[in-house]
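The next block holds one structure in the form of structure tokens; read it before the comments.
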Amino acid sequence: AYEIVDCDWSSDVCSSDLLAKVFSQLGSEQIAVRIAAVHTLEQIARDQPRQHGAIMQTLGAFVREQAKAPPPRLVGDHYEPPDPAEIYVPVRTDVQAAIAVLGRRQREHDRPIDRPVLANTNLSGYDFSDGDFGGASFRGSYLCGAILAGAQLAAANFEDRKSTRLNSSHSQQSRMPS
């Protein structure tokens, strides 16, 4: 169950305990609890800059675990892309919430290792519009039908991406490299 905890952030014990509770809520079977945990983590990251990196890394891991790229199919002696039904799946609201939070992160608190790592994911259909994903890694990810209008993508890594029909209209910054 979702629990509101009053915490004195000057106490490392309280800070660690609260973060552990909220991190564990990301694994809840209830979507409302997972979404609340994502937004609670965003608020903690804003209130406690020293926790920012760990929180953003955890949200990136949450997206990678919940939206894994489908593996290629072995056909005879070679691999072929996965079936389109495995790529074009419904957008999950908890994953969309985490992506939105990553796009709103306070980059002034980013260390180089805190850039969003969304590699090897299936982000087809997700909305990245107006988010700051500068320096993010989308390596090996499916981005079919992803909405990138207004997204900041400077220095983002799209190597080995699987993206067709990206919706990046009305934004020069969100144009995908060829």
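The values are calculated or read from the model by the stated rules, or taken from the named source; none is laboratory data. Everything quoted here is computed from the prediction, not taken from an experiment. Heads up, the Cβs are rebuilt from the backbone with ideal geometry, glycines too, and the neighbour counts pull from every protein chain shown. Note: areas computed on protein heavy atoms with side chains; ligands, DNA, RNA excluded. Shrake-Rupley method; radii C 1.70, N 1.55, O 1.52, S 1.80 Å.
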Kirkwood Rh and Cα Rg combined as Rg/Rh, segment 1-143 | 1.03
Grab the Cα-Cα distance for V91 and Q57, subtract it from 0.36 nm times how many residues apart they are, and report the gain in nm with one decimal.
-> 10.1 nm
Under 5 Å from the placed amide H of S137, counting only residues 5+ away or on other chains, we find V117, L118, N157
For segment 28-39, in residue order, the Karplus 3J(HN,Hα) values (coefficients 6.51, -1.76, 1.60; θ = phi - 60°; whole Hz; Gly and Pro = x) are 5, 6, 8, 4, 4, 5, 5, 5, 4, 5, 4, 6
Rounded to the nearest 10 Å², the 1.4 Å probe accessible area of Y79 is 150
Which of P82, V101, T121 sits farthest toward the positive end of the charge dipole of segment 62-152, with +1 on the Cβ of Lys and Arg and -1 on the Cβ of Asp and Glu?
-> V101
